[in-house]
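Read-outs throughout are calculated quantities, based only on the coordinates presented, and are distinct from any laboratory measurement. Please read all numbers here as calculations on a predicted model, not as lab measurements. When we count neighbours, we look across all protein chains shown, and the Cβ atoms used for this are built from the backbone with ideal geometry, even at glycine.
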Amino acid sequence: MTETARKPIGVLALQGDFAAHGRVLDQIGCPWVEVRKPSQFAEVAGLIIPGGESTTLLKLIDTCNMESAIRQFHAAGKPIFGTCAGVILIATEVTNPSQHCLGLLDVTVERNSYGRQVDSFETQGEYSANGQETARPLEMIFIRAPRIIRVGPGVRVLARHDDEPVLVQSGTLLGATFHPEMTSDTTVHASFVARCQSGR
């Protein structure tokens, strides 16, 4: 077992339902830790940035001096998975309205594109492990979800809903506009963990 494989997955625990991601990781037998300070990045093989309120998350990241740590983590080739507000944070461009983002994943994300909390919904989309093989159904839950309205040339679409990209991957970055941690399907988390453990 490599050193990377022995390390747990980190879940950013500043705001949002980070514990839900932890429950999925527990279910698939993957060790994980709550990340609340920059020094913890050295202890984890990958990072999950959960849903929540993106502007609040940005303020807390700034307060905790974590933006540079996240950037350095990415520059070191470590996997990062952003869900809902998390994909807003790692995007290169955000609209509705425009706001600061980390500029890591080459997509444009429109905030609250599916409506308010009362417009949340559960559905099935289509998922392909590498964006090329035959897709299979994947359970999806959207809560005040953003929409990916532009996908950069180096970004692969792994899942779609109504023919729109909802799960994308570029290098070690993974972004979802839905909440895979709130469904019974562990596919997306298992795929991210495998990437972390392989060191790719």
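Using only the Cα atoms, work out Rg/Rh for the stretch 118-195, with Rh taken as the Kirkwood radius, to two decimals.
0.93
Of Ile70, Cys101, Phe192, which is farthest along the charge dipole of the stretch 3-198 in the positive direction, counting Lys and Arg as +1 and Asp and Glu as -1 at C-beta?
It is Ile70.
Which loop trypsin sites (Lys or Arg not before Pro) in the stretch 98-171, with loop taken from DSSP, have no more than 12 other Cβ atoms within 10 angstrom of their Cβ?
Arg116
Magnitude of the Cβ-charge dipole of the chain, K/R +1 and D/E -1, about the Cα centre, nearest 20 debye?
520
Given a cut-off of 24 Å, what percent of all Cα-Cα pairs of the stretch 38-156 lie beyond it?
The calculated P(r) of the stretch 38-156 puts 31 percent of pairs beyond 24 Å.
Could you give log10 I(q)/I(0) at q = 0.16, 0.19 Å⁻¹ for the chain, computed by the Debye formula over C-alpha point scatterers of equal weight, without solvent?
-0.98, -1.47
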